[in-house]
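Report on the structure given below.
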Amino acid sequence: MDSLTLFFTGALVAVGIYWFLCVLGPAERKGKRAVDLSGGSISAEKVQDNYKQYWSFFRRPKEIETAEKVPDFVDTFYNLVTDIYEWGWGQSFHFSPSIPGKSHKDATRLHEEMAVDLIQVKPGQKILDVGCGVGGPMRAIASHSRANVVGITINEYQVNRARLHNKKAGLDALCEVVCGNFLQMPFDDNSFDGAYSIEATCHAPKLEEVYAEIYRVLKPGSMYVSYEWVTTEKFKAEDDEHVEVIQGIERGDALPGLRAYVDIAETAKKVGFEIVKEKDLASPPAEPWWTRLKMGRLAYWRNHIVVQILSAVGVAPKGTVDVHEMLFKTADYLTRGGETGIFSPMHMILCRKPESPEESS
Ligand SMILES: C=C(CC[C@@H](C)[C@H]1CC[C@H]2C3=CC[C@H]4[C@H](C)[C@@H](O)CC[C@]4(C)[C@H]3CC[C@]12C)C(C)C
Ligand SMILES: C[S@@+](CC[C@H](N)C(=O)[O-])C[C@H]1O[C@@H](n2cnc3c(N)ncnc32)[C@H](O)[C@@H]1O
């Protein structure tokens with residue numbers, strides 16, 4: 001082979017690798033680049049160990065005895081997955097029903113805007129985003145409602161990502177992000193005009209504890225909406241396949257046991273809320289939320305190869321391959337949960353804190 005042929009072959013291979021890693025890499029266009037995958041706040045050499053610790057804690061979700069340890073392991077989980085989520089999904093870490101003729105991006109935004117429309121807040125009012133991730137919903141909601149949004153997440157890496165995104169979007173005047181535990185929030189009683197949580201309170205070992213905290217910080221008369229992860233009426237505990245699917249979802253999503261849909265309103269009432277509306281947003285005529293997951297399968301294979309290459313050459317931390325493989329399997333369990341109808345990630349509950357405590361009794 002003469003030197004000119006060698007040069008062009010080399011250039012072609014280099015362009016091919018660049019295209020595979022950097023162009024094909026981000027499944028979601030605005031996500032992270034594959035070459036920037038990290039273990040969040042965990043140093044690169046500790047990612048693999050942290051993954052092993054996470055896995056042994058959440059392997060048997062129903063048997064988690066020490067509920068106090070859950071927030072720490074949820075924090076570890078988000079250190080491990082945040083970059084992969086941003087890279088392969090985008091800045092909103094939740095599902096939404098598909099909308100014919102609309103992109104995933106638009107369907108996601110509409111699902112988020114619905115939350116803030118339900119709690120009826122006015123521009124300038126202060127609302128709380130319970131478990132805010134890297135702030136995809138927060139930015140959509142602030143732009144749509146012009147309310148001031150305060151987000152809380154247990155994961156410091158997400159706080160930094162969210163602040164960076166807020167600034168880039170020119171929304172840092174409307175959006176504030178706090179690092180903290182939603183089971184003990186650093187906010188005054190009766191200080192918010194509204195609150196919402198999108199696919200986040202499922203991480204609480206006891207739903208009652210997080211609902212009680214939200215109730216405490218809301219002003220009397222104000223509203224709270226939540227999109228909850230639940231098992232539906234189709235779930236049968238005696239069906240081995242159902243149990244396998246639900247357990248697969250729990251262990252791959254850091255969940256200390258999924259709740260039955262009937263428990264949600266019961267818990268909200270128990271802490272003092274009145275129920276304004278309750279609806280499974282996944283039920284027909286809504287289009288399936290899991291089609292996006294299913295359609296991505298080919299991209300996940302490609303991502304898997306990308307992660308393996310980056311990990312082998314030392315660009316991505318060791319352990320990233322394990323984390324990616326876990327998510328890969330989780331995507332399958334989630335799809336099966338959706339297709340069988342035994343699981344919903346969007347059981348919506350809209351509640352109001354009564355004007356006076358007597359009103360609720
Ligand atoms: C609410 C939660 C998270 C919900 C979803 C945002 C995530 C659940 C499963 C995740 C993913 C699964 C497969 C990944 C794929 C293998 C990878 O190549 C690219 C990223 C995934 C698509 C990833 C993206 C986010 C999810 C869909 C829980 C945690 C309560
Ligand atoms: C699946 S993500 C959803 C994020 C965001 N709502 C969205 O839709 O993009 C769940 C979020 O809940 C947060 N979370 C889980 N347990 C928490 C806790 N105990 N205190 C505060 N945040 C918590 C996680 O850090 C993460 O940001």
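The values are calculated or read from the model by the stated rules, or taken from the named source; none is laboratory data. Bear in mind the structure is a predicted one, so any value in this text is a computation, not a measurement. Every residue, glycine among them, receives a Cβ derived from its backbone with ideal geometry; neighbour counts consider all protein chains shown.
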Quick one: in the stretch 80-106, which of the residues that are touching a residue at least 60 places away in the same chain (Cβ under 8 Å), away from ligand 1 (no atom under 13 Å from the Cβ) and out of contact with any strand residue (DSSP E or B) (no Cβ under 6 Å at 6 or more places or on another chain) is nearest to ARG251 (Cα to Cα)?
ILE99
Just give me the residues in the stretch 158-184 being within 30 Å of ALA265 (Cβ to Cβ), crowded, with 20+ Cβ neighbours inside 10 Å and touching an Asp or Glu at 6+ places or on another chain (Cβ under 8 Å), in sequence order.
PHE182
Since PRO256 meets every condition but one in (1) over 22 Å from ASN79 (Cα atoms); (2) part of a loop (DSSP other than H, G, I, E, B), which condition does it not meet?
(1)
When (1) surrounded by fewer than 19 Cβ atoms within 10 Å (Cβ to Cβ); (2) on the phi < 0 side of the Ramachandran plot; (3) more than 14 Å from ligand 2 (Cβ to nearest atom) are applied to MET114, the one that fails is (3)
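Among the residues of the stretch 167-186 satisfying the criterion of being charged (D, E, K, R) and over 16 Å from ILE127 (Cα atoms), which is nearest to ligand 1 (Cβ to nearest atom)? Break it down into steps so the answer makes sense when it comes.
Kept after step one, since they are charged (D, E, K, R), are these residues of the stretch 167-186: 167-168, 172, 176.
The next check asks that each one be over 16 Å from ILE127 (Cα atoms); those that pass are 167-168.
Values: LYS167: 23, LYS168: 21 Å.
The extreme case among them is LYS168.
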For the stretch 77-97, indicate whether the set of residues that are closer than 21 Å to SER344 by Cβ, modelled with pLDDT of 95 or more and either over 17 Å from the mean Cα position of the chain (by Cα) or more than 11 Å from ligand 2 (Cβ to nearest atom) (or both) is non-empty.
yes
Out of the stretch 117-153, which residues are surrounded by fewer than 21 Cβ atoms within 10 Å (Cβ to Cβ) and farther than 16 Å from LYS219 by Cα?
ASP117, LEU118, PRO123, SER143, HIS144, ARG146
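Identify the residue in the stretch 195-211 that is in contact with a Leu (Cβ under 9 Å, 6 or more places away or on another chain), away from ligand 1 (no atom under 12 Å from the Cβ) and of a type in the set (A, V, I, L, M, F, W, C) and, among all such residues, is farthest from GLN247 (Cα to Cα). Walk me through it before giving the result.
Start the filter on the stretch 195-211 by keeping residues that are in contact with a Leu (Cβ under 9 Å, 6 or more places away or on another chain), which leaves 195-197, 201-206, 209-210.
Remaining after also requiring away from ligand 1 (no atom under 12 Å from the Cβ): 195-196, 205-206, 209-210.
From what's left, of a type in the set (A, V, I, L, M, F, W, C): 195, 210.
Details: ALA195: 30, VAL210: 23 Å.
Filtering first and then ranking leaves ALA195.
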List the residue pairs whose Cβ atoms are under 8 Å apart, where the first residue sits in the stretch 164-179 and is under 18 Å from SER145 (Cα atoms) and touching a residue at least 24 places away in the same chain (Cβ under 8 Å), the second is surrounded by fewer than 16 Cβ atoms within 10 Å (Cβ to Cβ) and basic (Lys, Arg), and the two are 6 or more positions apart or on different chains.
LEU174/ARG146
